[in-house]
1. For the pair residue B:294/residue B:320, report the inter-label distance in nm, with labels modelled 7 Å from Cα in the Cβ direction.
2. Is it possible to state the helix-based mean residue ellipticity at 222 nm for chain B, with each DSSP H run of 4+ residues giving -39500 (n - 2.57), the sum divided by total residues, to the nearest 500 deg cm²/dmol? What is it?
3. Run the label-point distances for residue A:85 please: 7 Å along Cα to Cβ, every other copy, nanometres, shortest first.
4. Within 10 Å of each Cβ of A:369-382, how many other protein chain Cβ atoms are there on average?
5. What relative contact order, as a whole-number percentage, does chain B give when Cα pairs under 8 Å and 6 or more residues apart are counted?
6. With the Cα gyration tensor of the protein assembly as shown giving a ≥ b ≥ c as the square roots of its eigenvalues, does the rule (a/c under 1.5 for rounded; else a/b larger than b/c for prolate; else oblate) give rounded, prolate or oblate?
7. For residue B:65 and residue A:376, what is the calculated FRET efficiency with R₀ set at 25 Å and r taken between the beta-carbons, to the nearest 0.05?
8. Label points 7 Å out from Cα along the Cβ direction at residue A:79 and residue A:460: separation in nm?
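Each value in this text was obtained by applying a stated rule to the coordinates, not by laboratory testing. These figures come from a predicted structure and were not determined experimentally. Note: ideal-geometry Cβ built from the backbone for every residue, glycine included; neighbour counts use all protein chains shown.
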């Protein structure tokens, strides 16, 4: 028997060097794997072990622990200008990092036009565009108000918002109600049916939900998200289970606190929109991430957001600074009649879900998502496994059944992104690039490396 | 380079002999596998290619196609004695094959006692047991009335039942409303709280659901089950998604057709019972299986059911005949305070789900189920893969996302069970062996080979 024959005649005990995914794959097949931590020297990579006199690994562990300890509760609703501190009648907030009207993407412009029509600040789309360009309206990122908005992410003064409170720390976060898919404001549409729906959401849906919430008391969104993750959602582009669980939680109180027609209309609207829960999972995760901001020496990403022009991140140790790069196009599936050339670059605050360890990071637990965003169930598993390479922890509250209930990857470490060349993977909706059209598809995208490199340089210079 | 080195220095192209699961496992890892159909000669196995002058494979394909073509719709509700043909005031139906009071398991006896108290036919448990033993009550399997009941499966004359109609064929199937877990009739409990709940379900829940169903019109249970299978349910012991989807479907009409308190109470009851959908998935699958009965030459199993004493099956070509074997114990997880010695052997008509290609057969799509019934997510995948070895088809309506949307294994072929020695795998609740106690756990069980051997002998003798 030669050496090779000898080798293969006995049980194999592989040693895995470096990338954890290989070991996980072998372990999944029942092999006993020894893992050696090893990384190839990255081109241009400089070690960053201490920062601001602090051990970076320890600071990052602290960030992840603060995130995981969050208890986001839906405590009520209110009108944006009345409940969001600092909001004012001439303010419109948008997704992503700051952007001027001049640089604004088509869908964001379309949504701003729609919001101005909805607010009664303009009579026609043309007048709205003129007003928006005049400087009389202040534009700012939702994130500057601890709010989050999917796609264009527009919040205007009269819009009702969910109020989510992190009971562990008291942090508050906000998001509007989800309108559904297709021709909707957040995808840049602003036709009469869009404005009419927004008015109904303000005058019928919001009061009904608010009355019901007063009866139910705070609803635990961490628990609901954790359950949804065990029901095939990743709580970014698949929210069918989360929406179902929210309807179950609010349904009895809705029936008791609204007249029959209103309760039925509210239930029917939510039943008709499998994405309703997105606008609850987003502020829940935002509320969990807020306590991780501004930790000295911490290289964990606290915000990832896109305005359709720029892709931006914020990092714990660098506080409020945005690091941006041009927003990439999304690869995906197209609604009938649309094609890749119609697509606006990646847009929306919904990347907050990935920032907090769900969404694309939890894709392995949501194999059916590929019917909406493309790819295969195997790609979905591989996406999650890759994210373990760039994150500082595994979530204690969110887990993935097919990976034997492994915690989701959480806490993107800028150092590991730069070091491995792997950027965060998101799945997302796709808006038409022209104002006024709406949704054209959904797909998968990798964050651009540029913002992580910029953040890394800034961290080194601290 | 020697031969072994040569072999391993080039891409491997494995050839798989026999068991399909090995090939599937390699294919899942992206290998190109050539499959050769081959089976070891089974001890005592006699080929059975034609039966009653018919090609058995063709007859089995016909059975599977009839099953998959079924369109089970929830068309309404009614009181058992009024809507189930042949039901009468002195009849009580139970799960599984026929059994006398003398041979009845503890939980079935307990549930019969509870049903007699609920019907007002006895004042005390002792008087009920005496009446049951007197011969004045007729006992019969639910299946003899195209009904199905989980666990003890008791249907008594006054109980409300769901009515499911297979729109493809007109077949009707029936099941009671699910009571929840713990101390409930179907697990053999008969205390005052059990009877009180049954009365509320008859006088409040049933009329409310019936009114709502009249407004919604028929509800498509095949579509709802297919969706639930993509949301982590296997629709036997995990029905959290199905229950959620049913609440979504019925909620608006409930709010519109009941007073606020009743609508809220009905929604709250269903929200409090993640198993509510089981009593809809069961008659849906029963209605789909009925057209596959009594096909000449067909060796597909049309009923698997247990009464807690015997495990029984019916096969298409042998029509109404039951083939039975002693019911085995279930391996599982135990509710606090209970242990394996407390368990009654396997019981219930809920094995209809596996008979129709879901439940244990769809376990690969429901990894979170292991938190309820034990095992690991890998076991869950392997269970489904093993079931492809004994089934005649892959379901066109029900699919498993993590297996790249492969259809669930459907149509147990008695020949393949006898040939491979693999019997159907179920997951199931566990009842206390004494009457009057209730649920003690949940777990996994393999059907006993005895009934399949008996059926095989009978088929050969046709």
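1. About 0.9 nm, to one decimal.
2. Estimated from H runs of four or more residues: -10500 deg cm²/dmol.
3. Residue A:85 label point versus its equivalents elsewhere: 7.1 nm.
4. For this peptide, the per-residue mean of nearby foreign Cβ atoms is 2.
5. 20 percent
6. Working: a/c = 2.13, a/b = 1.40, b/c = 1.52.
Oblate, since a/c reaches 1.5 and b/c is not below a/b.
7. According to the calculation, E is roughly 0.35.
8. Taking the two extended label points, one gets 5.2 nm.
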